[in-house]
Amino acid sequence: MKACCERCQNRLCASKVPIFSNLNSKELLQIIEMTGHKDYYKGETIFLEGSEAKRLYLVNEGRIKIYKFTKDGKEQILHILSEGDFFGELNLFKTGTYNFNAEAITPTKLCTLTKENMKDLILSKPEIGMKILEVVGDRLSRVETLAQNLATNDVDSRIAYLLLDLKQKYGKKVPEGIEISLKLTREEMSNYTGVARETMSRKLKKFEEEGIIKLVGAKKVIIVDEESLSDYV
């Protein structure tokens, strides 16, 4: 039997997720048969902070922003997730609520697994649990770096850090340098770095004038001089 997910256009949603990478087709099929499926349009809320945490979400297609609101009501983006990522893992082993908000920033297809199913999987395949812990550790480290960046670095440094972060995950080599297809608005980039939207646009233009980046419309950035960009961090 072919291990596929009809709701996800016959693409192996579970096989895209690194924590399931060592499973064979039969095991993947067992996971896929457990999953729920839902499509989200751009801008649609997946859940809000304080909602009951009941499942693990797997990103089959699209991009998700994970964010919180600061005390003064401003949005602070914590993570941008895309195909192959998952979220909701911190609440797998306890009863509680989500401590962040999740929203689709592009049309998105998600697959879901209940806490009960994930517990059974981890008990039968402990390596899945270890991989989840690795991802959790990496995300906590990134949030700590983000918090330090927001607290101590100037605006140029914050924006340079954001571009390098996006480059690591979404960058691809092109003749002029490394191209990043952002899928982020200037406002969302501002919410990631904690700077005003107008400041974000002005600083990106400054980097372009310095020959560090090249702006291609509103949705693409080419890093032309990565070394000079890194000097800002």
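The values are calculated or read from the model by the stated rules, or taken from the named source; none is laboratory data. Note that the structure is a prediction, hence the values are computed from the model and not measured. When we count neighbours, we look across all protein chains shown, and the Cβ atoms used for this are built from the backbone with ideal geometry, even at glycine. Protein only, heavy atoms only, side chains kept; ligands, DNA and RNA dropped before computing areas. Shrake-Rupley method; radii C 1.70, N 1.55, O 1.52, S 1.80 Å.
Taking all protein chains as they are arranged and a probe of 1.4 Å, the heavy atoms of TYR192 leave approximately 10 Å² accessible to solvent. Comparing Cα centroids, region 143-215 and region 14-69 end up 27 angstrom apart.
Measuring only protein heavy atoms, the 1.4 Å probe finds GLU44 accessible over about 40 Å². Mean sequence separation of contacting Cα pairs (under 8 Å, at least six apart), scaled by the length of the chain, corresponds to a relative contact order of 18 percent. For the chain, the share of accessible area belonging to carbon and sulfur comes to 50 percent (1.4 Å probe, ligands and nucleic acids excluded). Report, in degrees rounded to the nearest 10, the 0 to 90 angle that the Cα long axis of helix 197-209 makes with the longest principal axis of the chain. Helix 197-209 and the main axis of the chain meet at about 70 degrees. Sequence-ordered 3J(HN,Hα) estimates for region 51-57 from the Karplus curve with 6.51, -1.76 and 1.60 and θ = phi - 60° stand at 5, 4, 8, 10, 8, 9, 10 Hz, glycine and proline given as x.
Looking at the square roots a ≥ b ≥ c of the eigenvalues of the Cα gyration tensor of region 96-136, which shape do they give, rounded for a/c under 1.5, prolate if a/b is larger than b/c, or oblate? In terms of gyration-tensor shape, prolate. Based on protein heavy atoms only, region 157-233 ends up with 50 Å² per residue of surface accessible to a 1.4 Å probe. Local charge for ILE77 was computed over the other residues whose Cβ lies under 15 Å away, with Lys and Arg +1 and Asp and Glu -1, and equals +4. The residues of region 78-156 present an accessible area of 47 Å² per residue when probed at 1.4 Å with all protein chains retained.
In what sequence, highest mean first, do 58-64, 216-222 appear when ranked by Cβ atoms within 10 angstrom?
Highest-to-lowest ranking by the protection proxy: 58-64, 216-222.
Taking a ≥ b ≥ c as the square roots of the eigenvalues of the alpha-carbon gyration tensor, region 145-201 is classed prolate because a/c is 1.5 or more and a/b outweighs b/c.
Counting pairs of alpha carbon atoms under 8 Å apart in space and at least six apart in sequence, what relative contact order in percent does region 155-231 give? Relative CO of region 155-231 lands at 33 percent.
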